[in-house]
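Asker: I have a structure I would like to understand better, so I am pasting it below and will then ask my questions one at a time.
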Amino acid sequence: MTNCVLCNEDLKPEEGHLVWCGDDCRIILVNDADLPGFCRVIWNAHVGEMTDLNHGEREHLMSLVFAVEEAVRQVMRPDKVNIAALGNMVPHIHWHIIPRYKNDAFYPGSAWSTKTQETPAPILASRVQQAGELSAAIREAVSRLN
Ligand SMILES: [Zn+2]
């Protein structure tokens, strides 16, 4: 546990910020200039796979993922939302929720593919304002879950 980057996560502002934290999960807004609105929902304890969770836990986690997707669609107005669970490096299930645009830096590949173009200036310019709006929208969407 001591050398797990997610357990030791002391989020630096340049990496992202904590939007919401519950007993089992937390939601991070990733600070990535090329992918504004990129969020992660992370299972707090060491659990490697979705099927290691019981049914109630799976449902809880996915309800948070969908709450984030809703907020991302509302605030970011993306052309598509990419949702992915990779987690090859850390023993924590986590879902990436990534708003995608036809003019983003990685279109049409995944967010982990090679950049195909520079991120357009309007996307760069709007991301600070959107970060505040998105954080508020995520908290609002999560508060509606119960
Ligand atoms: Zn850990």
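Asker: Looking at 35, 29, 18, which one is assigned to a loop (DSSP other than H, G, I, E, B), touching a strand residue (DSSP E or B) at 6+ places or on another chain (Cβ under 8 Å) and not charged (D, E, K, R)? Full working, then the answer.
Answerer: Details: 29 fails: assigned to a loop (DSSP other than H, G, I, E, B); 18 fails: assigned to a loop (DSSP other than H, G, I, E, B).
Every option except 35 fails the conditions.
Asker: Does residue 19 satisfy the condition of being buried (at least 20 other Cβ atoms within 10 Å of the Cβ), at pLDDT 95 or above, farther than 27 Å from residue 108 by Cβ and more than 14 Å from the ligand (Cβ to nearest atom)? Break it down into steps so the answer makes sense when it comes.
Answerer: Details: buried (at least 20 other Cβ atoms within 10 Å of the Cβ): yes; at pLDDT 95 or above: yes; farther than 27 Å from residue 108 by Cβ: yes; more than 14 Å from the ligand (Cβ to nearest atom): yes.
For residue 19, the condition - buried (at least 20 other Cβ atoms within 10 Å of the Cβ), at pLDDT 95 or above, farther than 27 Å from residue 108 by Cβ and more than 14 Å from the ligand (Cβ to nearest atom) - is met.
Asker: I've got another one for you. Sort out which residues of region 86-101 are more than 16 Å from the ligand (Cβ to nearest atom) and part of a loop (DSSP other than H, G, I, E, B), and write them in order of number.
Answerer: Correct list: 101 only.
Asker: Of the residues that make up region 121-132, is at least one part of a helix (DSSP H, G or I), under 30 Å from residue 59 (Cα atoms) and hydrophobic (A, V, I, L, M, F, W, C)?
Answerer: If we filter region 121-132 for residues that are part of a helix (DSSP H, G or I), which is where we start, we get 121-132.
Next, from what is left, pick out any that are under 30 Å from residue 59 (Cα atoms): 130-132.
Imposing the further condition that a residue be hydrophobic (A, V, I, L, M, F, W, C) reduces the set to 131.
Taking every residue of region 121-132 in turn, at least one turns out to be part of a helix (DSSP H, G or I), under 30 Å from residue 59 (Cα atoms) and hydrophobic (A, V, I, L, M, F, W, C).
Asker: Name the one entry in 138, 98, 83, 93 that is in contact with a His (Cβ under 8 Å, 6 or more places away or on another chain) and within 30 Å of residue 24 (Cβ to Cβ).
Answerer: On the way: 138 fails: in contact with a His (Cβ under 8 Å, 6 or more places away or on another chain); 98 fails: in contact with a His (Cβ under 8 Å, 6 or more places away or on another chain); 93 fails: in contact with a His (Cβ under 8 Å, 6 or more places away or on another chain).
One residue alone meets the criteria, 83.
Asker: While we're on this one: Regarding region 22-41, can at least one residue be identified that is away from the ligand (no atom under 16 Å from the Cβ), of a type in the set (A, V, I, L, M, F, W, C) and at pLDDT below 90?
Answerer: For region 22-41, residues away from the ligand (no atom under 16 Å from the Cβ), of a type in the set (A, V, I, L, M, F, W, C) and at pLDDT below 90: present.
Asker: If I filter region 46-70 down to residues being surrounded by fewer than 16 Cβ atoms within 10 Å (Cβ to Cβ) and part of a loop (DSSP other than H, G, I, E, B), which single residue comes out as nearest to the ligand (Cβ to nearest atom)?
Answerer: In this case the residue turns out to be 46.
Asker: Another one. Mind telling me which of the residues 100, 26, 73, 77 ends up being within 18 Å of residue 132 (Cβ to Cβ), out of contact with any helix residue (DSSP H, G or I) (no Cβ under 7 Å at 6 or more places or on another chain), surrounded by 12 or more Cβ atoms within 10 Å (Cβ to Cβ) and of a type in the set (D, E, K, R)?
Answerer: Numbers: 100 fails: within 18 Å of residue 132 (Cβ to Cβ); 26 fails: within 18 Å of residue 132 (Cβ to Cβ); 77 fails: surrounded by 12 or more Cβ atoms within 10 Å (Cβ to Cβ).
Checking each option against the conditions leaves just 73.
Asker: Please work out which one of (1) under 13 Å from residue 38 (Cβ atoms); (2) more than 16 Å from the ligand (Cβ to nearest atom); (3) not β-branched (Val, Ile, Thr) is the condition residue 109 fails and give its number.
Answerer: All conditions pass for residue 109, except number (1).
The values are calculated or read from the model by the stated rules, or taken from the named source; none is laboratory data. Here the structure is a predicted model, which means the values were calculated and not measured. We place every Cβ from the backbone using ideal geometry, glycine too, and count neighbours over all the protein chains shown.
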